[in-house]
Amino acid sequence: MLIFIIIFVSSITQSSDKPSSSFEIDSIPISNNISVLIRLVCFENDSLIIASNTYGSDAILVNRNSCGANDVVSYDFIFAKKLKKDSSGIIRKLAIEGHTVSIYSAKGKAPAIVRTDI
């Protein structure tokens, strides 16, 4: 019975989803004047745009097999805008390295990003 349990636990551990590769992205401090930090990242030859704030992040794929080594290619900031009291958030359209995206920033939430040039 003990051998069966060991084999069973071992097979579960081996079949779990393990990342085949990873890339750690350095943090950048975000002040109250910044609404969203935008990064264009190359990961496993794919280009991704990541939108982050102090509440979290969202990412989208913008190009497959379009870049080289894992790296943060560029970054930029979207500055905060004082919203009306009855506003739920703000949506902005941006061009980033030839890709058009829209980013929705809800009050007190992580940003949401969608590609709008497809």
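The values are calculated or read from the model by the stated rules, or taken from the named source; none is laboratory data. Everything numeric here is computed off the predicted structure, so don't read it as measured data. Because the Cβ atoms are built from the backbone with ideal geometry, glycine has one as well, and the counts that use them run over all protein chains shown. All accessible areas refer to the heavy atoms of the entire protein, side chains included, with ligands and DNA or RNA removed. Shrake-Rupley method; radii C 1.70, N 1.55, O 1.52, S 1.80 Å.
Of note:
- Sorted peptide list for 82-93, 26-37, criterion being average Cβ within 10 angstrom, highest first: 26-37, 82-93
- Taking the 1.4 Å solvent-accessible surface of region 23-105 as the whole, the part contributed by carbon and sulfur is 48%.
- Residues of type lysines that Lys93 reaches as a straight line, Cα spacing below 19 Å, ignoring anything fewer than 8 places off in the same chain: Lys81, Lys82, Lys107, Lys109
- The residues of region 25-118 present an accessible area of 62 Å² per residue when probed at 1.4 Å with all protein chains retained.
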